[in-house]
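Asks: My questions all concern the structure below.
The values are calculated or read from the model by the stated rules, or taken from the named source; none is laboratory data. Quantities reported herein were computed from a predicted structural model and do not represent experimental measurements. Positions of Cβ are backbone-derived with ideal geometry, glycine not excepted, and every protein chain shown enters the neighbour counts. Just the protein is used for accessible areas: all its heavy atoms, side chains included, with ligands, DNA and RNA removed. Shrake-Rupley method; radii C 1.70, N 1.55, O 1.52, S 1.80 Å.
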Amino acid sequence: GAGVSQSPRYKVAKRGQDVALRCDPISGHVSLFWYQQALGQGPEFLTYFQNEAQLDKSGLPSDRFFAERPEGSVSTLKIQRTQQEDSAVYLCASSLAEANEKLFFGSGTQLSVL
Amino acid sequence: EDQVTQSPEALRLQEGESSSLNCSYTVSGLRGLFWYRQDPGKGPEFLFTLYSAGEEKEKERLKATLTKKESFLHITAPKPEDSATYLCAVPYRGSTLGRLYFGRGTQLTVWP
């Protein structure tokens, strides 16, 4: 596709459920980032992959959050035992080069935890 | 602690009424300052990167400038389609450029 694709677009989960959010980056993009955006706030960094290697996961808020990119393309962000404070838009971004000067964002997955 | 503060939080302009958005930062050893535009329900869209004080970049009705303490996004003769949230960001110290610390944004509304 022409841009970064994220699915599902919306996800409603009951508190305690596990969820999986998918990101298809632009073909050929080496780097992939996950960000979390709460309502009225700027995006906050979660984690970063270069190809299949997770180089930085220091932004993940707890051990309930897990991300993977096993073949260096599609990535999945998994949240276990969801809590109400996990409600946010989860944005994925990719970058062509390792310098990561320009990020291309998807439209995000809006997660609501009830 | 590195910080990015944007002002105003919201700005309403009449079509054609020029103005500026401000982004102040407290980062030692700045490696770049980034501007993104975000439309409702969409992810941020890259606009500019500025690397050193005195640098300016332009795109259509937008011009971004950088000093040692702040950046301005000047909007000349805006149109309704310029309505969006404008985000500025700086890279975390010692990390890849793509690991960005974003401000809360300025929500711009341009009415006809």
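Asks: Answer yes or no: is there a residue in the stretch A:76-93 that is surrounded by fewer than 18 Cβ atoms within 10 Å (Cβ to Cβ), within 18 Å of A:ASP24 (Cα to Cα), at pLDDT 95 or above and more than 8 Å from chain B (Cβ to nearest Cβ).
Replies: Yes, because at least one residue in the stretch A:76-93 is surrounded by fewer than 18 Cβ atoms within 10 Å (Cβ to Cβ), within 18 Å of A:ASP24 (Cα to Cα), at pLDDT 95 or above and more than 8 Å from chain B (Cβ to nearest Cβ).
Asks: Suppose we keep only residues that are open to solvent by less than 50 Å² (accessible area, probe 1.4 Å) and away from every other protein chain (no Cβ under 13 Å) within the stretch B:75-104. Which one would you say is farthest from B:GLU45 (Cα to Cα)?
Replies: Taking the stretch B:75-104 first, the residues open to solvent by less than 50 Å² (accessible area, probe 1.4 Å) are B:75, B:77-78, B:80, B:82-91, B:95-100, B:102-103.
Imposing the further condition that a residue be away from every other protein chain (no Cβ under 13 Å) reduces the set to B:75, B:77-78, B:80, B:82-84.
Values: B:ILE75: 17, B:ALA77: 21, B:PRO78: 18, B:PRO80: 17, B:ASP82: 13, B:SER83: 13, B:ALA84: 11 Å.
Ranking the candidates gives B:ALA77 first.
Asks: Ok, one more. Give the residue, chosen from B:LYS57, B:LYS69, B:LYS63, that is open to solvent by 40 Å² or more (accessible area, probe 1.4 Å), free of Cβ contacts under 8 Å to residues at least 12 places away in the same chain and touching a strand residue (DSSP E or B) at 6+ places or on another chain (Cβ under 9 Å).
Replies: Working: B:LYS69 fails: free of Cβ contacts under 8 Å to residues at least 12 places away in the same chain; B:LYS63 fails: free of Cβ contacts under 8 Å to residues at least 12 places away in the same chain.
Result of the check over B:LYS57, B:LYS69, B:LYS63: B:LYS57.
Asks: Give the residues of the stretch A:21-70 that are within 12 Å of chain B (Cβ to nearest Cβ) and hydrophobic (A, V, I, L, M, F, W, C), sorted by residue number.
Replies: Residues satisfying the conditions are A:CYS23, A:VAL30, A:LEU32, A:PHE33, A:TRP34, A:ALA38, A:LEU39, A:PHE45, A:LEU46, A:PHE49, A:LEU55.
Asks: Out of the stretch A:2-27, which residues are part of a loop (DSSP other than H, G, I, E, B), in contact (Cβ under 8 Å) with a residue 60 or more places away in the chain and open to solvent by 60 Å² or more (accessible area, probe 1.4 Å)? I'd like the intermediate steps shown before the answer.
Replies: Pass one, the stretch A:2-27, residues part of a loop (DSSP other than H, G, I, E, B): A:2-4, A:8-9, A:14-18, A:25-27.
Among the residues that remain, those that are also in contact (Cβ under 8 Å) with a residue 60 or more places away in the chain are: A:3-4, A:8-9, A:14-18, A:25-26.
Within the stretch A:2-27, A:ARG9, A:LYS14, A:ARG15, A:GLN17, A:ASP18 qualify.
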